[in-house]
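Taking it in order: structure first as structure tokens, then the write-up.
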Amino acid sequence: MNDIVKSILAAVLSMLFFLGLTEVAVRLWTGFNTFYDIEMSRYANELKLPDDDPKIGHVHRPGGRAHLMDVDVEINSVGLRDREYPVERGAARRIAFLGDSLTLAWGVSKDEAFETRLEAALSTERPTEVLNFGTGNYNTEQQVHHFLERGIRYEPDHVVVFYFINDAEPTPVQSRWGFLGHSRAITFFWSRIHATIGNTIEGQSFQDFYAGLYDDDRAGWRATRDAFAELARVCRERGIGLQVVLLPELHDLVDYPFLDEHAKVRGHLEGLGVESLDLFPFFEGESDPHRLWVSLDDAHPNSTAHAMIAEYSLDFIAQAFERQAAAIEREGMQ
């Protein structure tokens, strides 16, 4: 019996030693190399806090700072990757940008983000404040409820939702295994296993997953439709302008796999009376999409793509302001 106990103990200790050695090796390697999945895990551990509202799930840690994907990410006192804004309105017109990690500007410096570029461009006509509520791993339901709970008090003149294909995912439930994300070795090997499954098993690719989100009976797509309807209602009641910009998925811009899904989103918005702009046609035909990626293992838009997003959506947003100003002027003359 003692021999059996000793053998089990030796096996456990050997496994723990191997795992510890692997963890040290991966941490040393990632200290000199940037790896997307590990950086996302660090983002969750260093800059996120759980939220009591299950329709929000998580928020940014106020005042949090981290160096992720080779750029600095600084969170202000209310949980935005943005400068501080007073709640009270000044003379500047005010816009709220809602979105996920693309709107957050994952992997891009704050100065090169499309939010910063648009704020500067819009301010050439009139002083404009753009409040960036973009938060990594948010879907549409989370974006809308986060804004209604924490953003509406800033009394924006206008709201722009930057929509991405995976924003119809169901709102996640806090995992009991979340603590495993603190291990870089586990994160690294799990991501490799997940990638292998997606590349080798039919029906398991990210394209299949994203397309499947838009089946009419899927809970995430129903929640997305409901969230857009709620946001449209609140904005209409408060006299806030509302627009949606659809951002393209950057893996394949020649034979784009999500045309039907984009059309479905646009159709729903049209039914709500919400104006939308699909940016895919502006990116269509790009034969080297990697030049628009943050890194070879991360297809988030880089600074070049952010500049394109700002350029192609500027007139869409600016013209809405012009129509809004004209309507206010007409009301004043009556």
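Odds and ends about this structure:
- Tally of residues being among the polar types (S, T, N, Q), crowded, with 21+ Cβ neighbours inside 10 Å and part of a helix (DSSP H, G or I) across segment 107-155: 3
Table: residues versus (1) more than 17 Å from ASN132 (Cα to Cα); (2) of a type in the set (D, E, K, R); (3) not in a loop (DSSP other than H, G, I, E, B).
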| residue | (1), (2), (3) |
| --- | --- |
| ALA44 | yes, no, yes |
| LEU49 | yes, no, yes |
| PRO54 | yes, no, no |
| ALA66 | yes, no, yes |
| VAL73 | no, no, yes |
| ILE95 | no, no, yes |
| THR103 | no, no, yes |
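- Odd one out for ASP157, checked against (1) among the charged types (D, E, K, R); (2) closer than 26 Å to LEU292 by Cβ; (3) at pLDDT 95 or above: (2)
- SER287 vs. criteria surrounded by fewer than 18 Cβ atoms within 10 Å (Cβ to Cβ) and not in a helix (DSSP H, G or I): yes
- The listed residues are GLY285, GLY271, GLY241, and the only one of them that is within 23 Å of the chain's Cα centre (by Cα) and at pLDDT 95 or above turns out to be GLY241.
- Positions within segment 216-238 being of a type in the set (Asp, Glu) and either buried (at least 18 other Cβ atoms within 10 Å of the Cβ) or modelled with pLDDT of 95 or more (or both), in sequence order: ASP226, GLU230, GLU237
- Scanning segment 24-49 for residues that are modelled with pLDDT under 95, touching a Gly at 6+ places or on another chain (Cβ under 8 Å) and either among the aliphatic types (A, V, I, L, M) or more than 20 Å from ARG184 (Cα to Cα) (or both) yields MET40, ALA44.
- A Cβ distance below 9 Å, combined with a sequence gap of six or more or placement on separate chains, defines the contacts here; from segment 223-237, residues that are within 21 Å of ARG153 (Cβ to Cβ) reach residues that are among the basic types (Lys, Arg) in the pairs ALA227/LYS55.
- Taking the criterion of being in a helix (DSSP H, G or I) and within 19 Å of ASP278 (Cβ to Cβ), the residues of segment 228-267 that qualify are PHE228, LEU231, ALA232, LEU259, ASP260, GLU261, HIS262, ALA263, LYS264, VAL265, ARG266, GLY267.
- Residues in segment 51-89 that are free of Cβ contacts under 8 Å to residues at least 40 places away in the same chain, small (Gly, Ala, Ser) and in contact with a strand residue (DSSP E or B) (Cβ under 8 Å, 6 or more places away or on another chain): GLY64, ALA66.
- Residue in segment 24-36 that is in a helix (DSSP H, G or I) and over 23 Å from ASP298 (Cα atoms) present: yes
- Residue in segment 164-178 that is out of contact with any helix residue (DSSP H, G or I) (no Cβ under 8 Å at 6 or more places or on another chain), outside any helix (DSSP H, G or I), closer than 25 Å to PRO301 by Cβ and at pLDDT below 95 present: yes
- Some residue of segment 302-310 being in a helix (DSSP H, G or I), polar (S, T, N, Q) and over 30 Å from MET40 (Cα atoms): no
- Restricting the first member to segment 8-26 and to residues that are under 25 Å from GLU39 (Cβ atoms) and in contact (Cβ under 8 Å) with a residue 40 or more places away in the chain, and the second to residues that are assigned to a helix (DSSP H, G or I) and of a type outside the set (D, E, K, R), the beta-carbon pairs closer than 7 Å and six or more apart or on different chains are LEU19/ALA185; THR22/ALA185; GLU23/ALA185; VAL26/ALA185; VAL26/PHE188.
The values are calculated or read from the model by the stated rules, or taken from the named source; none is laboratory data. Nothing here was measured: the structure is a model prediction, and the numbers come from that model. Using ideal geometry, Cβ is built from the backbone for each residue, glycine included, and neighbour counts are taken over all protein chains shown.
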